[in-house]
Amino acid sequence: MTPDGSATQEEVFNATITDRQDLTSELTIVRVRPDGGKVPDFEPGQFIKLGLPRSEEECANLPSAARVRSTPRLIRRAYSIASSPRQRAYLEFLMVRVEVGKLTPKLWTLEPGGRIWMDDKVSGRFTLESIPPGKDIVMVATGTGIAPFISMLRTYADAPRWRRAVVINGVRYAADLAYRSELEALARDHSHIVYIPIVSREPTGPAAAWTGLRGRVQQVLDPHAYRSHVGAVLAPRDCHVMLCGNPEMIMSVQRMLEEQGFHVHSPAQPGNIHFERYW
Ligand SMILES: Cc1cc2nc3c(=O)[nH]c(=O)nc-3n(C[C@H](O)[C@H](O)[C@H](O)COP(=O)(O)OP(=O)(O)OC[C@H]3O[C@@H](n4cnc5c(N)ncnc54)[C@H](O)[C@@H]3O)c2cc1C
Ligand SMILES: NC(=O)c1ccc[n+]([C@@H]2O[C@H](COP(=O)([O-])OP(=O)(O)OC[C@H]3O[C@@H](n4cnc5c(N)ncnc54)[C@H](OP(=O)(O)O)[C@@H]3O)[C@@H](O)[C@H]2O)c1
């Protein structure tokens, strides 16, 4: 405790970064182990909050209401869990650095062994619970929105709860295709998994390294394009679409799917569009 009764930094921390794998200078996969080693139970698709202390200056600039909340010194943000709940040694997260962000530039300074705050409560309804078994699940992600789908695939690939899982990941550059080799291997080894990466900003031209799809995820969801890439029909009766990441993508794809007869799911009105907005 400090003389004014507030927690010291070490008292705030309750978890350790055990591993960090940088995919680019802006994209990283980190593993976090809570003190005592007890990883909380969760459903694939859920998220947990991570946090780091604010500086003295950041605390002084807080509105007074925020200053009296229980842990005012912490900057806390939600992160989807990418590991499977079967992995009991750590939780894994895929993170992108938001240059103007409050938390991620601080997170980027941490190496393995670095201390962090992790909530003891897992949250979120973006899970497979609301999807009847035996359907086609179309998992649409922009950027780090792929993380909850990785948890689902790692957990259920060998005993699928779906007829087919179609994973569509839209990113800026090929290097941002996190878990690409794992997803390619899953698709190769399981006929019920289809992986469709699409990039928007890779250089073009005869010497271009990227030979795959270019554009945004909407292109793949065009009914004709979907049929040609997946070999199946994007039909509301058979498919549930899960959208994760950029809120503008979610809004745009929702509109597109509603025109094709899909409906947003809610606990009161079951539907076949499910989403998790990252900001
Ligand atoms: C349920 C949920 C799950 C999430 N899971 C992940 C995850 O698995 N991986 C991950 O990297 N992020 C995830 N996020 C986003 C994360 O919570 C933070 O918002 C993000 O890391 C930025 O934090 P920051 O403090 O650095 O930026 P902030 O200070 O919070 O944000 C600054 C501005 O950056 C924009 N912004 C915020 N997040 C993003 C983003 N991810 N990409 C682009 N622009 C953004 C917003 O316009 C925001 O106003 C999730 C968010 C939610 C709500
Ligand atoms: N990824 C990087 O290389 C990089 C580098 C530095 C900083 N950052 C920061 O990281 C944050 C997140 O970047 P991100 O690349 O992970 O996420 P992002 O900006 O959401 O972009 C991911 C993919 O989503 C696409 N997209 C954007 N709006 C869309 C919409 N309305 N509908 C469909 N697709 C849409 C993007 O296409 P478009 O390319 O057409 O927008 C891109 O292909 C940003 O704050 C960014 O500044 C990222």
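Where a number appears in this text, it was derived from the coordinates with a stated rule and is not lab data. Model, not experiment: these values are computed from the prediction.
Overview of results
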| quantity | calculated |
| --- | --- |
| Segment 204-279: equivalent-ellipsoid semi-axes (sqrt of 5 x gyration tensor eigenvalues, Cα, Å) | 27, 16, 9 |
| Separation between Cα centres of segment 205-279 and segment 112-126, rounded to whole Å | 29 Å |
| Percent of C-alpha pairs per 10 Å bin, the chain, short to long | 6, 27, 32, 22, 10, 3, 0 |
| Quotient of Cα Rg and 2.2 N^0.38 Å for segment 125-215, N being how many residues it contains | 1.14 |
| Inter-centroid distance (Cα atoms) of segment 80-101 relative to segment 135-171, Å | 16 Å |
| Using alpha-carbon coordinates, inclination of helix 247-258 to the longest axis of the chain, degrees | 30 degrees |
| Within the chain, percent of DSSP bridges classed antiparallel, to nearest 5 | 50 percent |
| Acute angle (nearest 10 degrees) that the helix 180-189 long axis makes with the longest principal axis of the chain, alpha-carbon atoms | 40 degrees |
| Set of lysines near residue 106 by C-alpha distance (under 16 Å), chain-local residues within fewer than 8 positions excluded | 49 |
| Ratio of Rg to Rh over segment 9-123 (Cα coordinates, Kirkwood Rh, two decimals) | 0.96 |
| Calculated on alpha-carbon atoms, Rg and Dmax of segment 128-277 in Å | 14.8, 53 |
| Cα gyration tensor category, rounded, prolate or oblate, for segment 228-272 with a/c compared to 1.5 | oblate |
